[in-house]
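The structure appears right after this line, and notes come after that.
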Amino acid sequence: MKQLSQTHAEVQAERLATLARDCLIDEARLSPKPGLVDSRGNGAHHDLSLALMERSAHSLTPTFLQLAQQSWQRPADIALRETVGRLGREGEQQMMKATEGVNTHRGAIWALGLLVSATAMQGENASAQQITDTAAGLARLPDSAAPKVFSKGLKATHRYQVPGAREEAQQAFPHVMTLALPQLLRSRANGASESEARLDALMAVMTSLSDTCVLSRAGMTGLNAMQNGARAVLTAGGCAQQAGREALARLDAQMLALNASPGGAADLLAATLFLDRVSQPASCSI
């Protein structure tokens, strides 16, 4: 019986790793995203491309697998938190090697890595809320080996006095649970295509997120443009409506003009897609 249980756990860990990778790829391919890399082009980036994003996602599959394996049905404690931190940092090194030094998914490693671990900690049949609550408990624990240097995102949170990716996780991913996931389900129920529903979910995050990627590149001007533009898309009925698509095109033009790219929102969209699939395995793909 023990061997059967281990085999089952291994199968589930591989499933979670594959889902996490696929959600990163689906987020990257989703189009048209304002200022972001998508299937049309590089957005506001000069060092990123869709091919690079996909290569990065594939390079992270072993990391997600290790996170799921190490976290399977374990309680949240400092030992697990430090293991998760170490595996995440090792995954970041693998990502950098695959992309030749370009930061493609550092924020996504944090968000999706925690969610993969939290899902594995729950074992099976956990709700999205149970998963995010578990992830929050893990994120709030200390990691003595965490680097002390400030990333661009952390610098932005301090400069503008706004919460960042760390706080989002420690608060159980409120932008995912109260905005993106409900919008995704609502847009599907209203007849939007899967791509349109996912774009609406991205807009929902962008309406209020203090996206440190945007702040780092375009300051408060860029953040206000992002939030107001995203609200305009949803107010116009979302991406399934002509008026919503026109508002999205205007937002895209604004983001490109400001050299702004809402990478933090993109990470949370990938997290949303992951939670949607874990709690509803039959979810559609693009």
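Quick look at the numbers
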read-out	value
Principal semi-axes in Å for segment 172-271 [√(5λ), Cα gyration tensor, largest first]	21, 16, 9
Alpha-carbon Debye profile of segment 1-144, log10 I(q)/I(0) at 0.14, 0.17, 0.18 Å⁻¹	-0.67, -0.92, -1.00
Whole-number Å³ per residue for the convex hull built on Cα positions in segment 50-93	62 Å³
Tail fraction, Cα-Cα pairs, the chain, threshold 24 Å, whole percent	47 percent
Label point distance in nm, ARG140-MET220, each placed 7 Å from Cα along Cα→Cβ	3.1 nm
The chain - percent of accessible surface contributed by carbon and sulfur, probe 1.4 Å	52 percent
Exposed trypsin sites (Lys or Arg not before Pro) absent: longest stretch of the chain, with sites in DSSP loops and at most 15 other Cβ within 10 Å deemed exposed	149-286
Rg ratio (alpha-carbon, reference 2.2 N^0.38 Å) - segment 89-148	1.29
Whether segment 160-220 is rounded, prolate or oblate, judged on the alpha carbon gyration tensor where a/c under 1.5 counts as rounded	oblate
Distance in nm between pseudo-label sites at GLN73 and HIS58 (7 Å out along the Cβ direction from Cα)	3.4 nm
Karplus-derived HN-Hα couplings along segment 202-217 (A = 6.51, B = -1.76, C = 1.60, θ = phi - 60°), whole Hz, x at Gly and Pro	4, 4, 4, 4, 5, 5, 9, 5, 7, 5, 5, 5, 5, 4, 5, 9
Amide N of segment 24-55 lying under 11 Å from the label point, which is placed 7 angstrom from the Cα of ASN259 along Cα→Cβ	45-46
Amide H contacts under 5 Å for ASP38, placed H, 5+ residues apart	GLY43
Enclosed volume per residue, in Å³, of the convex hull spanned by Cα atoms of segment 10-63	64 Å³
Euclidean distance between Cα centres, segment 212-236 to segment 61-84, Å	35 Å
Whole-angstrom gap from segment 118-148 to segment 183-200, using each part's C-alpha centre	27 Å
Length gained when the stretch ARG15-THR178 is fully extended (0.36 nm per residue, less Cα-Cα span)	56.1 nm
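The values are calculated or read from the model by the stated rules, or taken from the named source; none is laboratory data. Predicted model, so just to flag it, every value in this text is computed and none were measured. Glycine gets a Cβ as well: all are built from the backbone with ideal geometry, and neighbour counts include every protein chain shown. Ligands, DNA and RNA are stripped out before the accessible areas are found, and what is left, the full protein with its side chains, is counted by its heavy atoms. Shrake-Rupley method; radii C 1.70, N 1.55, O 1.52, S 1.80 Å.
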